[in-house]
Amino acid sequence: MAGIVVIGAGQAGASLVAKLRALGHEGPLVLIGDEPVPPYQRPPLSKKYLLGEMELERLFLRPESFYAEQGVSLRLGQPVTRIDAAARQVWLGDEAIPYDQLALTTGAEPRSLPEAIGGALGGVHLVRRLADIDAMADDFAPGRRVLIVGGGYIGLEAAAVARQRGLEVVLIEAAPRILQRVAAPETSDHMRALHEGQGVRILENTGLVRLMGTDGRVSGAELSDGQQLAVDLAVVGIGITPATALAESAGLVLDNGIAVDALGRSSDPAIWAAGDCASFPWCGGRIRLESVQNAIDQAEAVAANMLGAGQDYLPQPWFWSDQYDMKLQIAGLNTGYDRVVIRQAGEARSHWYFAGPRLLAVDAMNDARAFMLGKRLLEAGRSPDPAALADPATDLKTLLR
């Protein structure tokens, strides 16, 4: 009996196999991961785990015993070498594993700096996997000078941890402002002020020309404005790309990731995809969401559809980022906004994105009530009065009536 094989033992893969069993799938079930540890949480890696506030075992999504109890064959530290879609087989080196249905939850890989500009030097770190964080932990020592390349969420979270560990931090962003791709100028301004208040030096509109090394280890950086910095280590946070090499070699259609239909099925009817690696129909186009929430929800939807549910995946996107004592929570997608309404109620602050009269998204900074209200409004397809939102005297609960 061939059963179901899942490639990619991250958040999506773990969610998918658990949901399959919860929905009553009784056939063989194999979860394959190229890392030597059970599926684990990624968000705490570059925060609590790097700070030494979380033990390794607490990162695990479930105890390893869970998979055995559920009859899931967990194949760890074994990268898949190829997929034979015609024969419906997955190959681990010389071993072939047959499947009736296959799910790809291969996630994404961080973009690295080219070797030609110093990307392969010692002390240059990426932020994605457990091994990445373990490799940089010893470098995060008080008094060391770190260059953060990239002013997105990964770069800003790394900067926050570095300052909390007592490092001197310079962050460079090639775009005119940090968070430019994902947030309004108002949110960028708020987060910039937060970091500068903690002693981070932020250089926007500033690119990296090259990293310089001494004895094979990074020791300096040349910036696009002509500055040369002495650095002891560098952290690269310049985005991620969907992990599609296996899918491509199997002949699947790609479109900003593995292209799937609304059910999560790829161009091969026996192969499905979910999580960071998958792009799916959204508002007349295609979208790929990089978030824990999407990895869980899409994987569970795909699990149901693999068993015949036939239900389209209709996400309600939300995200979060922890930096110092600031929790930034985001509901919705701000694409196409033409107005931002600012709500300041005491220490709580939120930015509300509108396209004409329609609410698109909210950024809530240490304002859980605004986040939850925004999330509920978006799920209900309702748009509040912008003037009422901006008035700190407005009781947010009244906007749901």
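What tally of residues in the stretch 248-264 results from selecting those that are part of a loop (DSSP other than H, G, I, E, B), touching a residue at least 40 places away in the same chain (Cβ under 8 Å) and of a type in the set (Gly, Ala, Ser)?
Final tally of qualifying residues: 4.
How about the stretch 1-75: which helices (runs of 4 or more DSSP H) wholly inside it have at least 1 residues that are polar (S, T, N, Q) and assigned by TED's automatic domain parsing to the domain that holds Ala245?
11-22, 64-69
Which residues, taken from the stretch 190-204, are touching a Lys or Arg at 6+ places or on another chain (Cβ under 8 Å) and either in a loop (DSSP other than H, G, I, E, B) or free of Cβ contacts under 8 Å to residues at least 24 places away in the same chain (or both)?
Arg192, Gln198, Gly199, Val200, listed by residue number.
Quick one: in the stretch 213-229, which of the residues that are touching a residue at least 40 places away in the same chain (Cβ under 8 Å) and closer than 16 Å to Phe140 by Cα is surrounded by the most Cβ atoms within 10 Å (Cβ to Cβ)?
So in the stretch 213-229, the residues touching a residue at least 40 places away in the same chain (Cβ under 8 Å) come out as 213, 216-218, 221, 223-224, 229.
Filter once more, so that each one left must be closer than 16 Å to Phe140 by Cα: 217-218.
Working: Arg217: 12, Val218: 24.
Only one residue fits best here, namely Val218.
Please work out if Leu23 is surrounded by fewer than 16 Cβ atoms within 10 Å (Cβ to Cβ), within 30 Å of Leu167 (Cβ to Cβ) and touching a residue at least 60 places away in the same chain (Cβ under 8 Å).
So Leu23 fails the test.
Take the residues in the stretch 120-156 that are of a type in the set (Gly, Ala, Ser) and surrounded by 19 or more Cβ atoms within 10 Å (Cβ to Cβ), then tell me which one is farthest from Gly275 (Cα to Cα). Walk me through how you get there before you give the answer.
Just the residues of the stretch 120-156 that are of a type in the set (Gly, Ala, Ser), to begin with: 120, 122-123, 131, 135, 137, 141, 143, 150-152, 155.
Subset that is surrounded by 19 or more Cβ atoms within 10 Å (Cβ to Cβ): 123, 150-152, 155.
Working: Gly123: 30, Gly150: 23, Gly151: 23, Gly152: 20, Gly155: 22 Å.
The residue in question is Gly123.
The values are calculated or read from the model by the stated rules, or taken from the named source; none is laboratory data. Just so it is clear, the structure is predicted and the values come from calculations on it, not from any experiment. Note that each Cβ is placed from the backbone with ideal geometry, even for glycine, and that neighbours are counted across all protein chains shown.
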